[in-house]
Amino acid sequence: MLTLLTDQPECLWDDVLPVEVKELPGDLAALDGLLSDHELLWPLVERWRREFEQTGRAVLTEGRPTIALETYVRLMVLKQRYRWGYRTLQAEVSDSIHLRRFCRISLTERVPDESTVRKLTRRIGAETVSELTRAMIAKATREKRFRARAVRIDSTVIEADVKYPTDAGLASAGARTLAREGRKLAKLLGEGKRRVRDRSRSLGGKLRAISRTIRRRSGEAKEEVLKLTAETGELLQRSLREARRLAAIARRKARGRGARAKLEAAAGLEELADRCEKVARQIKQRVAGEPITDRIVSLCDPDARPIRKGKLGKPNEFGYVSQLAEVTENTKPGARGLILPASTTLGNPSENTLLPGTVAELERVGISPREVALDGGFMSGPTNTALEDLTPKQVFIAGRQEPASKRTARRLRRYRTGAEGRISHLKRRYGLDRSRLKGDEGQRIWTEWAILSYNSDTLAIRTR
């Protein structure tokens, strides 16, 4: 059952608290005033309504009530604002009277458990958070507190929460994980002999041999590394065959009581086997010298992709590319605006591939900027075609398309450079450097909450 609002918590302890304790600090008070508008929560109601239409379950009026979504939004804004994890968020809010009052949680109530907030985050999804962001931008422009004049657009890499991958390392992790999941399924089936053998010890020896060989830095060492890598792929293939055989046995034995648990465990093992098979296939391609078009870099986050942006410090990054558009009221140095919902897709897309999604976001919130500033990664022809419906007066593309006036070109060049600083600020302050949620959907959720928290702070600063 949907619970949307909660009253300002009051209890007997409030009568003995000093006035200074009851009053929120300036930044939290401004945020509280901004988030007190209940119209901003309407996308959450629409999310539950869509779930009712899709499933037929009366999720709006029946079942166990959710935590107040007003409280949930405030908790998530705090989480991104201070870069806390779910457990840290629960602990910090529990220990702070100011944060409790900001989140509308009484002193006599328990703070929602971290698992409740985590599961609700996945259930709500990224698109609903994008709708919250659009509602906030529309409210700011409608009430004439924010007048959009210019927009600067740039793409950045949001790293996945994975360590630096190697083919041999992925093979070792795959064999170890297959053995662990196979052991669980064999115990569920009562199979003592048919199981997935743990080959992590053999693979560990191969990894250590690869490390010793790489130190020689010679042509012979490279050939030996490829040979050892191929051997790790063969060991992984053996584990794969055993895992698929065990999953087939589980499907045959899934009868009567406990059948559902066996089928779910078998499906999970087969899904993991599919990912490991991709690893084994790309090892064969690497040894054969064939190009790998869709490389998997993590078994836990199969949507993450290797991305090369030409950076000296980080030539290879692993994650997702998102295009961010900041709408500002002017192009002066230090201009701070509002960020639109990000445009993203799997792989390493170009700037112009993501630009139509950004233009669609501008049209959705009803913003037609007079000036658009872009970096040199945008191509002039496709960019002007994509921006045609917005009819901007100036489209600045660094090094490709600049206005005739040197003064205007210098102003827009400085304005565009500010996009780099804004992205750096989002990564340092709001956790946009690395997504802690797995998968493409998790990355979108993480990014949209970071954007919503930044926009909330921006509008709150304007009202202080």
Compute the helix-to-body angle for 259-288: its Cα long axis versus the longest principal axis of the chain, expressed 0 to 90° and rounded to tens. 80
Can you tell me the accessible area per residue over the chain, all protein chains present, probe 1.4 angstrom, in square angstrom? 51
Treating only the Cα positions of the range 1-149 as identical point scatterers, give the base-10 log of I(q)/I(0) from the Debye formula at each q in 0.12 Å⁻¹. -0.56
For a 18 Å ceiling on Cα separation, which of these pairs sit above it: LYS262/LYS438; LYS119/LYS278; LYS206/LYS284; LYS206/LYS227; LYS206/LYS278; LYS332/LYS427? LYS262/LYS438; LYS119/LYS278; LYS206/LYS278; LYS332/LYS427
Hey, what do the phi angles of the range 132-145 turn into as Karplus ³J(HN,Hα) couplings, whole Hz, using 6.51/-1.76/1.60 and θ = phi - 60°, x for Gly and Pro? 4, 5, 4, 5, 5, 5, 4, 5, 5, 6, 5, 7, 6, 7
Cβ-defined net charge surrounding ILE105, 11 Å radius [Lys, Arg +1; Asp, Glu -1]: +3
Leaving out ligands, DNA and RNA, and with a 1.4 Å probe, what % of the accessible surface on the range 229-377 is carbon or sulfur? 48
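Of all DSSP beta bridges in the chain, what percent run antiparallel (nearest 5)?
Working: 19 of 29 bridges.
In the chain, approximately 65 percent of DSSP beta bridges are antiparallel ones.
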Separation between the GLN54 and ALA404 pseudo-spin-labels, each 7 Å from Cα along Cα→Cβ, expressed in nm? 5.4
Quick one: if the Förster radius is 41 Å, what FRET efficiency do ARG64 and GLU20 give, using the C-beta to C-beta distance and rounding to 0.05? 0.60
Residue-averaged 222 nm ellipticity for the chain, from DSSP H runs of 4+ at -39500 (n - 2.57), nearest 500: -19000 deg cm²/dmol
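Normalized C-alpha radius of gyration of the chain, against 2.2 N^0.38 Å?
Details: Rg = 26.3 Å, N = 464, 2.2 N^0.38 = 22.7 Å.
In units of the 2.2 N^0.38 Å rule of thumb, it is 1.16.
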Per the 1/(1 + (r/R0)^6) rule, R0 = 30 Å and r from the Cβ atoms of ARG281 and ALA261, FRET efficiency to 0.05 is 0.45
In Å², nearest 10: area of THR345 left accessible to a 1.4 Å probe: 50
Solvent-accessible area, 1.4 Å probe, carbon plus sulfur percent, for the range 397-464: 46
Paramagnetic reach from LYS311 in the range 328-364 [backbone N under 17 Å; point 7 Å along Cα→Cβ]: 347-351
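Consider all pairwise Cα distances in the range 102-186 and report the whole-number % of them above 22 Å.
Numbers: 2391 of 3570 pairs.
For the range 102-186, the fraction of Cα-Cα distances above 22 Å is 67 percent.
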Pairwise centroid distance, computed over Cα atoms, of the range 61-77 with the range 433-448, Å: 21
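The values are calculated or read from the model by the stated rules, or taken from the named source; none is laboratory data. Since this is a predicted model, take the numbers as computed values, not measurements. All Cβ positions, even for glycine, are placed from backbone atoms using ideal geometry, and neighbour counts span all protein chains on display. To get the accessible areas, we keep the full protein, side chains included, count just its heavy atoms, and leave off ligands, DNA and RNA. Shrake-Rupley method; radii C 1.70, N 1.55, O 1.52, S 1.80 Å.
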